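Presented below is the structure to which this report refers.
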């Protein structure tokens, strides 16, 4: 990253190149500036424990944001990721009960190995994403409507499956997914980093990513050039659902409970993180690294405001303003590029 900045700086002698450099790396400067300001306002901010806490808290939203990023690149949207997280969480938690609790809830059901709830979470998330993609690809329903419907259906399914009650008393190996550490690094952080790398590779070095950009840039041209647009739309939404399933595992394991109310408003936080990270809602533009920085900006903002004892109500106002400013900036950038 530093090498790229140095190289870009050396090539930015003309005003045009200078402006392009500032536009390209503005998000990184904003992130650094926020960290500096927060560290001045609160000495606790830059402690290792607090920084790990920020990343751990944002891991679930960050995973959703990775999926949303690819969806927005295809000129789509996903309003269902928070609800998909909830239904995947209660489904997987029900398969990760301790023996005593599981016998009371589900007679004759033995304590299952950890791989079972993991596969359940991934399968539920991927299935919901597949349904989203299939609806959009084969019926022509706008992504906003299709995923809005899934948001309501998945939340209802989570309430029905759990009877509106938390699914608690989870086995230790399940809790480790959200509470464990490896070499001092929280497991949720490791999972987020791994999936960010996987998403980066998919988006930049595979046919999946190239076609996602092509569909977002001009869907008609992509279709004419031979790209199976329907197939790749389904794959994009399925992958986003899979990431929601992973986020469900992390969040339910962190709080030792699968709750049907998990993930409320998380889809908007994920969209905000991607938007702040430079993903264009016009389609065809966006990067995984930008989304990661956007997620961290939202996390630093929330954590900093918490440390400064700012009211939760005002925090919502500030978040909203940040999103609006990010979109306005993106629109201006798009006009200049035309």
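The values are calculated or read from the model by the stated rules, or taken from the named source; none is laboratory data. The shown structure was predicted, so the numbers you read here are calculated from the model rather than taken from an experiment. Counting neighbours? That spans all protein chains shown, and the Cβs are built from the backbone with ideal geometry, glycine included.
Overview of results
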item: Residue match in the stretch 178-186 (condition: under 27 Å from residue 292 (Cα atoms), in contact (Cβ under 8 Å) with a residue 24 or more places away in the chain, touching a helix residue (DSSP H, G or I) at 6+ places or on another chain (Cβ under 6 Å) and assigned to a strand (DSSP E or B)); result: yes
item: Every residue from the stretch 155-174 that is closer than 19 Å to residue 263 by Cβ and surrounded by 19 or more Cβ atoms within 10 Å (Cβ to Cβ); result: 155, 157, 158, 162, 167, 170, 174
item: Single unsatisfied condition, residue 27 versus (1) within 30 Å of residue 233 (Cβ to Cβ); (2) at pLDDT 90 or above; result: (2)
item: Matching residues in the stretch 186-204 - criterion: being farther than 19 Å from residue 283 by Cα and more than 17 Å from the chain's Cα centre (by Cα); result: 186
item: The listed residue being over 20 Å from the mean Cα position of the chain (by Cα) and within 24 Å of residue 59 (Cβ to Cβ), out of 174, 138; result: 174
item: Per-region count, the stretch 68-84, residues crowded, with 24+ Cβ neighbours inside 10 Å and under 20 Å from residue 219 (Cβ atoms); result: 9
item: Residues located in the stretch 138-150, provided they are surrounded by fewer than 20 Cβ atoms within 10 Å (Cβ to Cβ) and in a helix (DSSP H, G or I); result: 138, 139, 144, 145, 148, 149
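Okay, residues lined up against (1) touching a helix residue (DSSP H, G or I) at 6+ places or on another chain (Cβ under 9 Å); (2) farther than 30 Å from residue 48 by Cα; (3) at pLDDT below 95; (4) crowded, with 18+ Cβ neighbours inside 10 Å:
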| residue | (1), (2), (3), (4) |
| --- | --- |
| 194 | no, no, no, no |
| 201 | yes, no, no, no |
| 205 | no, yes, no, no |
| 208 | yes, yes, no, no |
| 212 | yes, yes, no, yes |
| 223 | yes, yes, yes, no |
| 226 | no, yes, yes, no |
| 238 | yes, yes, no, yes |
| 243 | yes, no, no, yes |
